[in-house]
1. Could you list, in sequence order, the residues of the range 80-119 that are hydrophobic (A, V, I, L, M, F, W, C) and closer than 13 Å to CYS69 by Cα?
2. Can you list residue pairs whose Cβ atoms sit under 7 Å apart, with the first residue in the range 168-185 being over 15 Å from PRO125 (Cβ atoms) and the second being surrounded by 13 or more Cβ atoms within 10 Å (Cβ to Cβ) and polar (S, T, N, Q)? Count only pairs 6 or more apart in sequence or on different chains.
3. Could you check how many residues of the range 13-31 are surrounded by 15 or more Cβ atoms within 10 Å (Cβ to Cβ) and assigned to a loop (DSSP other than H, G, I, E, B)?
4. Would you pick out the residues in the range 118-150 that are outside any loop (DSSP other than H, G, I, E, B) and within 30 Å of ALA49 (Cβ to Cβ)?
5. From the list SER58, SER83, which one is touching a His at 6+ places or on another chain (Cβ under 8 Å) and of a type in the set (S, T, N, Q)?
6. If the requirement is being of a type in the set (Gly, Ala, Ser), modelled with pLDDT of 95 or more, in the same structural domain as THR104 (by TED's automatic domain parsing) and in contact with a Lys or Arg (Cβ under 8 Å, 6 or more places away or on another chain), which of these qualifies: ALA49, ALA23, ALA31?
7. Do any strands (runs of 3 or more DSSP E) entirely within the range 48-117 hold 1 or more residues that are among the basic types (Lys, Arg) and surrounded by 16 or more Cβ atoms within 10 Å (Cβ to Cβ), and if so, which?
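The values are calculated or read from the model by the stated rules, or taken from the named source; none is laboratory data. Since we're looking at a predicted model, the values are computed, not measured. Here the Cβ is made from the backbone with ideal geometry for all residues, glycine too, and neighbour counts use every protein chain on show.
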Amino acid sequence: MPTEMSPKAPTILYSHRPKPFAAELELELTAHELIATRGRSIQRFPLTAIERVVLRFSPRNTAHRAFACTVRATDGKSVTFDSLSWKSLIETEKQNDSYARFVTTLCERAERARAEVELVAGVPPWKFWGMLVAGIGTLAGLLAIAGYSVSDKSWFAAGLAVALFGYLGFWMRDYLTRNRPARFRSGAMPSLVLP
């Protein structure tokens, strides 16, 4: 049963630029709704109409580690935002603290307004298992290439295969560990998908 949100709950603001030179996405979380503004476009999500909030680890590359949140309403509207803001073509700003504070408050208010809201961490199970199988296959292939290259005395190719194995293995372990599909409650926010 949803509980009444205090009308005096403070408004929380968060903004970021999702791509270089893109319009800034401004988010306003009030006691009763989430308002997403980008340029002239304004979307309103009453907290009682939010059916799903998904948090995930969403790295751009090894240098740009980011976390993302997708909010979906019962009418099909959705908005996605993340912890990284682009300042220029090559410069980004991590907004880890303000992002974590915003999504934590969003999950608390959405759960309070609508008890049946789905709070989800990670990627969908089909994507998780597909990436796991493809990743293991790729790593096994790299090991086979390294073994063949060593037997053929192609040291450069062997070294390259081992380096790629290490890089991809680390990236895959980090991505899949953090994005394991799970459901959570707002009182137990999943640290692996938060900065």
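1. PHE81, LEU84, ALA100, PHE102, VAL103, LEU106, CYS107, LEU119, listed by residue number.
2. LEU168/THR138
3. 4
4. Hits for the range 118-150 are GLU118, LEU119, VAL120, ALA121, PRO125, TRP126, LYS127, PHE128.
5. None of the other options fit; the residue is SER83.
6. None of the others qualify; the one that does is ALA49.
7. 50-57, 67-73
Residue-by-condition table, conditions (1) out of contact with any helix residue (DSSP H, G or I) (no Cβ under 8 Å at 6 or more places or on another chain); (2) on the phi > 0 side of the Ramachandran plot; (3) assigned to a helix (DSSP H, G or I); (4) in the same structural domain as ALA66 (by TED's automatic domain parsing):
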residue: LYS153; (1), (2), (3), (4): yes, yes, no, no
residue: ALA157; (1), (2), (3), (4): no, no, yes, no
residue: VAL162; (1), (2), (3), (4): no, no, yes, no
residue: GLY166; (1), (2), (3), (4): yes, no, yes, no
residue: SER186; (1), (2), (3), (4): no, no, no, yes
